[in-house]
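One structure below.
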């Protein structure tokens, strides 16, 4: 399972990466593998403000519909327009070309409980046994 | 068999006498203005009658239904449709009656509708029912619009509806469509509504709760009266999604549990055919305080017989022309009269017994979502098979097709990983249930010994595993038989 060490994770299977242009959010390799082939992404509008833990958008795979939750409070500054035509990017490259939204965090920053790679690994292992 | 469509089988000049595109137009059609007439005849396929009959008969033989074999599609309640109901619904006295016929000339029809309403009200512990909604989904919308109007007419703007995380997807969708905001209430480890979480969510903004009982895991919400009481204390209403009423019919009444609104899917409890696109029927019952909001018209008993009651100033309005999908309602009427209250008790009893038998026999080979007894359906998880051998719920379902059974519902409810949801209904005999158990146990062994067999299933069907990604992404299924039609 691919879990880059430089990312933060949530128990709801999002990852986030801090950068100069804000916080980039996507779903984990584990999440895309559980979802199986993603066929539709209902992207939010840029400018929308979300609280930490709010639903950002939904994904549809051949198996189910899943919701993406904001790991951090802030304004959505960009969405990955390519996902409209190529939702398969979420399966092929979840940490790269398959990013979903970018958020400009509020100050002071408010996040959900974040996990590091080891913490997230533990969380999905206990979920599998549950 | 060949996968050719009727368009591909068509040959110029072949025809069936009475459906020929070259037939003379009736005189009345000649009055259509010249500029509205098409220049060339439509490019209908040209085949002989025998070719058409074979084409559709062969397609029908590839289909699966309750008339072909066991169909344990959990949550969908694939009930047998008694032939007597079909026969009576085909009588011209019912099927050929014009809906605009005056009430005095339609007393038989109105009596059937009136008595169906009375029987459904009695079974659910409700004051009255509307038979108008075209299907369960429209029934839900009807119910929630009444909830909305109830609050608005009291000058109350509460706008939140609580839905448990195990609910059917239609419940949150209905809330959104009816203008409510949805809040999801988590289940406890026992699979039932978490009462303390519910208490925290209840306030003066909560318009109501939508609940299925037994819930989607096939578990009876034991604290249902407490749940309804709590919602009522907060000023909200309790909505009963009747999708699982087949587990309770004739034994428990939603009204006695504390519910204010009920929708029923007639095909899921009263033996009418599954819609598959229509027509369906989703009657909605209400307690007395919501009665003024029911759609108009209702059928009532007047001094001169049965009549339509249009004088309903607080009604949410009309949802369907005339009496709804009346021929579906009529089938349910026959079913109710055929079985009676004792027969209906046996329906729910046998449905629950069959599910418990299957659960008991399968829960060593597959991991049950919850230990102990279930109601009319239960959920197994293929998570252990997936972890050990990479065999998913989907693979198990596909392999069942090879062994002559319709697969259970997979990947629902969302709260159980690799879910297989099994609902046998009340009409299967012990031999069929045992044969299904043997097939499931065989698949569990195959998952250990030869997982590739499952990954490649189905092998014995006209087409193998379908490309679900392409089916979901390329929704354009319109055929363009000729270039000029593009």
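Tabulated data
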{"quantity": "Listing of helices (runs of 4 or more DSSP H) fully contained in the stretch B:164-282 that carry 2 or more residues being modelled with pLDDT of 95 or more and more than 30 Å from residue B:333 (Cβ to Cβ)", "calculated": "B:195-201, B:224-233"}
{"quantity": "Out of B:300, B:318, B:337, sole residue that is surrounded by fewer than 23 Cβ atoms within 10 Å (Cβ to Cβ) and part of a loop (DSSP other than H, G, I, E, B)", "calculated": "B:318"}
{"quantity": "Conditions (1) in contact with a helix residue (DSSP H, G or I) (Cβ under 7 Å, 6 or more places away or on another chain); (2) away from chain A (no Cβ under 14 Å); number of the one not met by residue B:418", "calculated": "(2)"}
{"quantity": "Residue A:20 vs. criteria within 12 Å of another protein chain (Cβ to nearest Cβ) and either closer than 30 Å to residue B:469 by Cβ or out of contact with any strand residue (DSSP E or B) (no Cβ under 8 Å at 6 or more places or on another chain) (or both)", "calculated": "no"}
{"quantity": "Failed condition for residue A:40, given (1) under 29 Å from residue B:380 (Cα atoms); (2) surrounded by 18 or more Cβ atoms within 10 Å (Cβ to Cβ)", "calculated": "(2)"}
{"quantity": "Residue among B:312, B:331 that is surrounded by 15 or more Cβ atoms within 10 Å (Cβ to Cβ) and assigned to a loop (DSSP other than H, G, I, E, B)", "calculated": "B:312"}
{"quantity": "Test: residue in the stretch B:438-448 that is away from chain A (no Cβ under 14 Å), in contact with a strand residue (DSSP E or B) (Cβ under 8 Å, 6 or more places away or on another chain) and within 30 Å of residue B:269 (Cα to Cα)", "calculated": "no"}
{"quantity": "Residues located in the stretch B:67-86, provided they are surrounded by 11 or more Cβ atoms within 10 Å (Cβ to Cβ) and without any contact (Cβ under 8 Å) to a residue 40 or more places away in the chain", "calculated": "B:68"}
{"quantity": "Failed item in (1) within 14 Å of another protein chain (Cβ to nearest Cβ); (2) closer than 30 Å to residue B:393 by Cα, with residue A:54 passing the rest", "calculated": "(2)"}
{"quantity": "Any hit, the stretch A:96-119, residues being under 28 Å from residue B:419 (Cβ atoms) and within 14 Å of chain B (Cβ to nearest Cβ)", "calculated": "no"}
{"quantity": "The stretch B:15-40, residues that are loosely packed, with under 10 Cβ neighbours inside 10 Å, part of a loop (DSSP other than H, G, I, E, B) and at pLDDT 65 or above", "calculated": "B:24, B:25, B:26, B:33, B:38, B:39, B:40"}
{"quantity": "Residue A:94 at pLDDT below 95 and in a loop (DSSP other than H, G, I, E, B)", "calculated": "no"}
{"quantity": "Output for the stretch A:70-90, where each listed residue is surrounded by fewer than 19 Cβ atoms within 10 Å (Cβ to Cβ) and either within 14 Å of chain B (Cβ to nearest Cβ) or touching a strand residue (DSSP E or B) at 6+ places or on another chain (Cβ under 6 Å) (or both)", "calculated": "A:75, A:77, A:78, A:84, A:85, A:86, A:88"}
{"quantity": "Enumeration of residues in the stretch B:374-398 that are more than 18 Å from residue B:438 (Cα to Cα) and either modelled with pLDDT under 95 or within 12 Å of chain A (Cβ to nearest Cβ) (or both)", "calculated": "B:383, B:384, B:386, B:387, B:388, B:389, B:390, B:392, B:394"}
{"quantity": "Residue ranges of strands (runs of 3 or more DSSP E) in the stretch A:1-69 with at least 2 members touching a residue at least 12 places away in the same chain (Cβ under 8 Å) and closer than 22 Å to residue A:108 by Cβ", "calculated": "A:14-19, A:22-27"}
{"quantity": "Residue within the stretch B:137-158 that is away from chain A (no Cβ under 14 Å), at pLDDT below 95 and surrounded by 16 or more Cβ atoms within 10 Å (Cβ to Cβ) present", "calculated": "yes"}
{"quantity": "Subset of the stretch B:105-136 that is in contact with a helix residue (DSSP H, G or I) (Cβ under 6 Å, 6 or more places away or on another chain) and not in a helix (DSSP H, G or I) - its residue that is surrounded by the most Cβ atoms within 10 Å (Cβ to Cβ)", "calculated": "B:131"}
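Residue-wise test of (1) modelled with pLDDT of 95 or more; (2) assigned by TED's automatic domain parsing to the domain that holds residue B:130; (3) touching a helix residue (DSSP H, G or I) at 6+ places or on another chain (Cβ under 7 Å).
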| site | (1), (2), (3) |
| --- | --- |
| B:288 | yes, yes, no |
| B:291 | yes, yes, no |
| B:299 | yes, yes, yes |
| B:328 | yes, yes, yes |
| B:361 | yes, no, yes |
| B:400 | yes, no, yes |
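The values are calculated or read from the model by the stated rules, or taken from the named source; none is laboratory data. Bear in mind the structure is a predicted one, so any value in this text is a computation, not a measurement. We place every Cβ from the backbone using ideal geometry, glycine too, and count neighbours over all the protein chains shown.
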